[in-house]
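Input: a single structure, listed below in structure tokens.
The values are calculated or read from the model by the stated rules, or taken from the named source; none is laboratory data. This is a predicted model, so every value here is computed, not measured. As a convention, Cβ positions derive from the backbone with ideal geometry for all residues, glycine included, and neighbour counts pool all protein chains shown.
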Amino acid sequence: MAQSSRTKFCTLDVPYPQSAMLMFERIESVDGDEILLFPHTEILRTFTQLKTELRSVAKYYNKERNGTHYVVDDTVTVFPLTFTRLYPLAPDFWAQPTVAFDSWDRYSAFSYVLSKWPMHELLVTPMRRRGMWQYKAAIPVRLTTPEAAVHQFMLSSTWPVNVQAKHAAFYSIGTPWLFNTRTNRREQVFLTVPQGSDDAGYLN
């Protein structure tokens, strides 16, 4: 979306948290024909925030949509995140975005994280609402992805980013675990740590 010539680009520092969590919600159709592990749009800093966000997701999905009833599970998959570095933003990122990047594109991109998380890092982008910063889980990026591919994503995609922010950020992705938001119980996720090279990903 084109911005006004008076827009002040890249003027604000963003206070990224040193650690956070990426939540995957388990969304299931009542008939059991459809099960999705969907990546939350925002990284989370506390379990209180995680529970609040999950309640909002449940309120959205726990109703009939397109003739299908959905249920959001109380147990979520949580990936711990650790801040690693800033990624500088530039005014030309808002000049002419042409490539749609919707929720299903994100779902596809994040599917690689569930099986190959040690081989990825997370690009987090800032938004601002009511004077408060929000930290959006934009896209997982392979550790071997050239910076030019990240630049092209930022330059061409329609993913929203606050125009006044100076930086996006990268986070490392740790070993996941399960968290039951009703009982506050944390459990191990039995996923096999992948071996060998990572030959797949959303960004090439």
List the pairs whose first member sits in segment 10-21 and is without any contact (Cβ under 8 Å) to a residue 40 or more places away in the chain and buried (at least 18 other Cβ atoms within 10 Å of the Cβ), whose second member is part of a strand (DSSP E or B) and polar (S, T, N, Q), and whose Cβ atoms are under 6 Å apart, counting only residues at least 6 apart or on separate chains? none
Does segment 59-69 contain any residue that is in contact (Cβ under 8 Å) with a residue 40 or more places away in the chain and surrounded by 14 or more Cβ atoms within 10 Å (Cβ to Cβ)? no
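Results for (1) in contact (Cβ under 8 Å) with a residue 24 or more places away in the chain; (2) surrounded by 15 or more Cβ atoms within 10 Å (Cβ to Cβ); (3) of a type in the set (Lys, Arg); (4) within 23 Å of LYS51 (Cα to Cα), shown as yes or no for each residue.
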{"position": "VAL71", "(1), (2), (3), (4)": "yes, no, no, yes"}
{"position": "VAL76", "(1), (2), (3), (4)": "yes, yes, no, yes"}
{"position": "PRO80", "(1), (2), (3), (4)": "yes, yes, no, yes"}
{"position": "ARG85", "(1), (2), (3), (4)": "yes, no, yes, no"}
{"position": "PRO91", "(1), (2), (3), (4)": "yes, no, no, no"}
{"position": "TRP94", "(1), (2), (3), (4)": "yes, yes, no, no"}
{"position": "THR98", "(1), (2), (3), (4)": "yes, no, no, no"}
{"position": "SER108", "(1), (2), (3), (4)": "yes, no, no, no"}
{"position": "TYR112", "(1), (2), (3), (4)": "yes, yes, no, no"}
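For the structure I just gave you, tell me whether VAL124 is aliphatic (A, V, I, L, M), at negative phi and in contact with a helix residue (DSSP H, G or I) (Cβ under 7 Å, 6 or more places away or on another chain). Spell out the reasoning first.
Working: aliphatic (A, V, I, L, M): yes; at negative phi: yes; in contact with a helix residue (DSSP H, G or I) (Cβ under 7 Å, 6 or more places away or on another chain): no.
No: the conditions fail for VAL124.
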Within segment 15-52, can you find the residues that are among the charged types (D, E, K, R), in a loop (DSSP other than H, G, I, E, B) and more than 24 Å from SER172 (Cβ to Cβ)? ASP31, ASP33, GLU34
Among strands (runs of 3 or more DSSP E) entirely inside segment 53-144, those with 1 or more residues being more than 30 Å from ARG186 (Cβ to Cβ) are 68-72, 75-88, 120-129
Taking the condition over 21 Å from LEU86 (Cα atoms), modelled with pLDDT of 90 or more and touching a strand residue (DSSP E or B) at 6+ places or on another chain (Cβ under 8 Å), does THR175 pass? yes
